[in-house]
Amino acid sequence: MQRAINPQVPNMFGQVEQPQQMQSFISAVPVTCLEEAKAARIALDGSMSVFVNIQDGEIYTKQLSMNGLAELKTYKLVNPQENKIEYVTSNDFNGLNQRVQNIENFLNQLGGQQNESNANDASIQPTPANAKSSNGNAAHVRK
């Protein structure tokens, strides 16, 4: 009969047994494409296999999932300079603002009414009479 090793209980020689720990290490296999990583065999013990694609700047990890299927994940190196944010210059903004004003003026001349948005006007509040139309549709259309 085997007995479980308990590190707190001394063995028959009076020594305390320490459980051995397995050293974990990562082994990276070089591949040239994702298809090579998909086709590669992996360990059946659930440990993670790592594949490195230096050419495309990608790392693939593959391991068995809880349902017994191989799960493949892709990690891609992103160069921070590629995600550079570009801001609009004040000249471009002012030019677009002038174009919008020209369009509003043109529309005012055509229709004879003001076509500016009143969405930011806090003094305009909906009332029950104009909040819904008689058919229950909340949209109001001017003709």
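So here's what we get for this one:
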| quantity | calculated |
| --- | --- |
| Index of the failed condition, residue 42 passing every other in (1) open to solvent by 70 Å² or more (accessible area, probe 1.4 Å); (2) more than 24 Å from the chain's Cα centre (by Cα); (3) at pLDDT 75 or above | (1) |
| The range 55-110: number of residues that are assigned to a helix (DSSP H, G or I), surrounded by 13 or more Cβ atoms within 10 Å (Cβ to Cβ) and hydrophobic (A, V, I, L, M, F, W, C) | 1 |
| Residue in the range 84-99 that is closer than 30 Å to residue 32 by Cβ and modelled with pLDDT of 80 or more present | no |
| Those residues of the range 47-64 which are of a type outside the set (A, V, I, L, M) and under 19 Å from residue 34 (Cα atoms), in sequence order | 49, 51, 53, 55, 56, 57, 58, 60, 61, 62, 63 |
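The values are calculated or read from the model by the stated rules, or taken from the named source; none is laboratory data. Fair warning: this is a prediction, and the values are worked out from it, not measured in the lab. Cβ sites come from the backbone with ideal geometry, for glycine too, and all protein chains shown count toward neighbours. To get the accessible areas, we keep the full protein, side chains included, count just its heavy atoms, and leave off ligands, DNA and RNA. Shrake-Rupley method; radii C 1.70, N 1.55, O 1.52, S 1.80 Å.
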